[in-house]
Amino acid sequence: MSVTYCADTQTFYLDGKDVTYAFCLTAGYPEHLYFGKKIPHDSLLHMRTGGAAEGTIPFGSTGRNMHTIPSELTNYGRGDYREPAILVENPSGDRISELLYEGHEILSEKPKISGMPSMDGGETLVLRLKDKLTGFQADLYYTAYDDSNVIARRAVYRNGTNGKAILRRAYSFSMGLPGNGYRMLSLHGAWCRERRMEIIPLHHGVVSIDSKRLSSSAALNPFMGILSEHADENQGEVYGVSLVYSSSYVLKAEGTSGGDTLLTGGINDFDFHWDLAPGEEFETPEVVLAFSDCGLGGMSRAFHDAYRNHLINKQYVKKPRPLVLNNWEGTHFNFTLDKLKAIIDGAAGTGIDTFVLDDGWFGYSRDNEKSSMGDWHIVNPQKLPGGFAPLVEHIHSKGMKFGLWFEPEMIGPNSDLLKNHPDYAITIDGREPCLGRCQMMMDLTRKDVRDYIVETVNRVIRENNISYVKWDFNRNATETYSRGRAPERQAEFAHRYALGLYDLCERIVEANPQVFFEGCSAGGARFDPAMLHYFSQIWTSDNTDADDRTCIQYGTSMVYPLSAMSCHVSHSPNITTKRPISYKTRSDIAHLGATGYELDASDWTDEDRARTAEEIKEYKSCQDLILEGDLYRLDNPMTSNYFSFLVVAKDQSRAILTTYRRQLQAGGEPKRIRLLGLDPQKNYRVRELDLVASGSTLMNVGLVTRFPSPLGDYQTLKFHLDVE
């Protein structure tokens, strides 16, 4: 059993793979006791805090100082001055709540969230809380996992009053950590430099990260790492907070005067309220909490296991992925049928199995980003006379499958769609709309808009034998307004957009189970767990420069498995940075994810094709490690001249090491790398060095690698390890 309740101490224990999560009831108030390495179910009541008064802070109904109790769900008022997880305006107009224990239930199967993605799972605790004065209720859900060191949590709020209740804030969780002195890791960025790591010290008061963009965004990923004082990549206690959500969110860490650190967050309460009639309920998105006593690496592996095993589409998550050639960086909008055929011919026979046609295929004049967005019903007659049929026939004749780019959530000002349905766009009468990439957003809060998109996109997929879809989202929201909603309920828009997006994904993805879907958002601007539920991999960044990608892929791996990262080999010099990098290096870095190609293959020589075929053959021989292996980050390119990823098979029988040197040091230098994650008792053969050594030796002594001096900057070495 993963859930245990001790009636004598009124303590709940949730046991995962190597972790225990425990809290007790303090006069009905759920008080956090422990989240860490797995322990026996000893009494933890000696860990309770908050017994003494603090100045003039009043006591709540618990008879203890509410402000200093590490809480499972912080309330507003009644002596608690920390960030509340729930702020509800009661029918009387007051905003006070005191949610105390009403009962609990242990479910054999984790229930799904209505209208939102979440992890699957088994035994689940439901803690039922109620405000005895107003009747307002909250159900807290907890699930532990026997194959990963995470706890899944969420809250459901229910109006049990006799009148209308208004949610001003509805977070997914609270959790108190013992002590102060932590540091916070966030993943910040922008277009073409997504998920860069930043670590700052926490302090007394609130530190938060958020998005107000109706998107999880490239600016700040919906993740927060909490590091103990001396924790680093491979040692020390680390807590991870990952929100399964794709719209405006907030995550907070608060150093309290009571000496602990409060974590909380969920849907962003900026520009938010939600009306609840009597009996109505509101479900919050799921938050996944990870614990590691092996530093950031252990936290990442916990998230990777959890998302591969319980979130990403089981049909694809551990199966070989389509190996695609995308034409975007090779042609942009400037292509013809003959040009596309030449690109396909150039790649034929190399092992590339899917050709993906990117932006520019639809409408009457899609020669740039200023026209036709949303006109999916028209295949551009100038570029593709006769529609898709001649192109698809040619693709199939070369033994490949056909993939297509869409941007279903967008509408252009110069499109037939806008002329026929001007109300489909998110606009406000009398106010000139803000354009992003020369386009507006469709109002996904409306069912009729979603119905139109579903019908149109599904028809294109169904009628053209499409096997792969790249789903893009190239701008953030500016006007948060729907013509179909009453004025007093417009602040529900951000969350209703998320619900509309998930409905759209469900109906298109489920209607096309034979299609592999890849997510994209101006690169990696909507790279979050919720989208991974629908899209088994996501375009990691529009920046395909191998040097920049080492930083982007390193930061992304903090939360997301390598198999979730779509990584392509592109032209040199790179189209974004103009940096020339060798083909081998571009391939080696791209092979640390779901690999593909983003270039014009029509000018490949026989030598280019042979080299590509050899690279693809090598990638396929190790693809199972990328899909299922354990990742160990050995060198951080954001703080050093090197980048090194070691991926180890779950049974420790094989491993692959890729190491990258940014700049050649004058006179050359040997590079010593200590490996991790191997079986210390087994002997491993390092193919490239003709070396046999024990796992213990390789982890404690390491390897000395030498980059050949004539190669210069931006070079990689790759090593394959096999148990003897």
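Any read-out appearing in this document is the output of simple, stated calculations on the displayed coordinates, not a laboratory observation. Being a predicted model, the structure only gives us computed values, none of them experimental. Please note: Cβ atoms are built from the backbone with ideal geometry, for glycine as well, and neighbour counts cover all protein chains shown.
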Between the alpha carbon centres of segment 359-373 and segment 500-532 the gap in Å comes to 22
Only helices counted: for the chain, with every DSSP H run of 4 or more residues adding -39500 (n - 2.57) and the sum spread over all residues, [θ] at 222 nm is -5500 deg cm²/dmol
Restricting to lysines and to Cα separations under 24 Å from Lys419, and discarding same-chain partners fewer than 8 apart, the set is Lys370, Lys383, Lys447
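What is the calculated FRET efficiency for Leu45 to Thr336, with r their C-beta to C-beta distance and R₀ = 60 Å, to the nearest 0.05?
Details: r = 75 Å, r/R0 = 1.24.
Efficiency, rounded to the nearest 0.05: 0.20.
Express as a percent, rounded to the nearest 5, the fraction of DSSP beta bridges in the chain (both residues included) that run antiparallel.
Working: 132 of 163 bridges.
DSSP beta bridges in the chain are roughly 80 percent antiparallel.
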Given Cβ charges of +1 for Lys and Arg and -1 for Asp and Glu, the option among Gly279, Gly176, Ile344 whose Cα lies farthest towards the positive end of the dipole of the chain is Ile344
Nearest 10, in degrees from 0 to 90: the angle of helix 493-511 to the longest Cα principal axis of the chain is 50
Computed over the chain: longest principal axis from alpha-carbon atoms vs helix 447-463 long axis, angle to nearest 10 degrees, is 30
The Rg/Rh figure for the chain, Cα atoms and Kirkwood Rh, to two decimals is 0.98
One point scatterer per Cα, no solvent, Debye formula: log10 I(q)/I(0) for segment 451-531 at q = 0.16, 0.18 Å⁻¹ comes out as -0.74, -0.89
Distance in Å, no decimals, from the C-alpha centre of segment 273-327 to the one of segment 167-238 is 17
Packing-ranked peptide list from 605-618, 30-43, highest mean Cβ count within 10 angstrom first, is 30-43, 605-618
Under 5 Å from the placed amide H of Leu100, counting only residues 5+ away or on other chains, we find Lys130, Asp131, Lys132
Computed over the chain: longest principal axis from alpha-carbon atoms vs helix 295-310 long axis, angle to nearest 10 degrees, is 80
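Residue separation times 0.36 nm, minus the C-alpha to C-alpha distance between Lys447 and Lys37: what's the value? Could the numbers behind the result be given before it?
Values: separation 410, 0.36 × 410 = 147.60 nm, distance 4.61 nm.
Result for the pair: 143.0 nm of gain on full extension.
How would you order 118-125, 138-145 from highest to lowest mean count of nearby Cβ atoms within 10 Å?
On the way: 118-125: 19.9, 138-145: 24.9.
Highest to lowest by the protection proxy: 138-145, 118-125.
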If the chain between Ser108 and Gln490 were fully extended at 0.36 nm per residue, the gain over the current Cα-Cα distance would be 133.7 nm
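Can you give the FRET efficiency to the nearest 0.05 for Asn464 and Val723, using r as the Cβ-Cβ distance and R₀ = 41 Å? Each step should come with its number before you reach the end.
Working: r = 47 Å, r/R0 = 1.14.
In this case the efficiency is close to 0.30.
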The answer for trypsin sites (Lys or Arg not before Pro) in segment 114-183 that fall in a DSSP coil and have at most 12 neighbouring Cβ atoms within 10 Å is Lys132
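Mind giving me the FRET efficiency for Ser582 and Asn162? R0 is 56 Å, r the Cβ-Cβ distance, nearest 0.05 is fine.
On the way: r = 72 Å, r/R0 = 1.28.
It comes to 0.20.
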Counting sequence-distant residues (5 or more places) and residues on other chains, those with an amide H built under 5 Å from that of Ser172 are Gly265, Gly266, Ile267
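Out of segment 167-261, which GluC sites (Glu not before Pro) are coil in DSSP terms and have no more than 16 other C-beta atoms within 10 Å?
Numbers: sites: Glu194, Glu198, Glu229, Glu233, Glu237, Glu254; in loops: Glu194, Glu229, Glu233, Glu237.
Loop-located and lightly packed - Glu229.
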Treating only Lys and Arg (+1) and Asp and Glu (-1) as charged, each at its beta carbon, one finds that segment 635-723 has a dipole about its Cα centre, in Debye to the nearest 20, of 20
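In whole percent, what relative contact order does segment 103-202 give with Cα contacts below 8 Å and a gap of six or more residues? Walk me through the numbers before you get to the answer.
Values: 151 pairs, mean separation 15.6, N = 100.
Worked out over segment 103-202, it gives 16 percent.
Restrict the search to segment 626-659; then list the trypsin sites (Lys or Arg not before Pro) that DSSP places in a loop and that have at most 13 other Cβ atoms within 10 Å of their Cβ.
Values: sites: Arg633, Lys650, Arg654; in loops: Lys650.
Passing sites in segment 626-659 are Lys650.
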Out of Thr20, Ala610, Ser644 - ranked by how far each Cα lies towards the positive end of the dipole of the chain, with unit charges on the beta-carbon of charged residues - the top one is Ala610
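Of the listed pairs Lys17/Lys650; Lys470/Lys620; Lys110/Lys164, which have alpha-carbon separations greater than 25 Å here?
Details: Lys17/Lys650 15 Å; Lys470/Lys620 22 Å; Lys110/Lys164 30 Å.
As for pairs spanning more than 25 Å Cα to Cα, those are Lys110/Lys164.
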Asn234 and Asp120 label points (each 7 Å along its Cα→Cβ direction) are spaced in nm at 3.6
From the Cα centre of segment 421-448 to that of segment 103-145, the distance in Å is 37
Counted neighbours (other Cβ, 10 Å), sorted fewest up, put Met66, Met410, Met638 in the order Met638, Met410, Met66
Row for segment 3-310, column shape: gyration tensor on C-alpha, a ≥ b ≥ c, rounded if a/c < 1.5 i.e. under 1.5, prolate if a/b over b/c, else oblate; value rounded
Filtered hits (aspartates and glutamates, Cα-Cα < 14 Å from Lys38, offset >= 8 within chain) -> Asp15, Asp18, Asp146, Asp147, Glu237, Asp293
Summed over the other residues with a beta carbon less than 14 angstrom from that of Val19, with K and R at +1 and D and E at -1, the charge totals -2
Assertion target for Ile312, Ile673, Ile200, ordered by fewest C-beta neighbours within 10 angstrom first, is Ile200, Ile673, Ile312
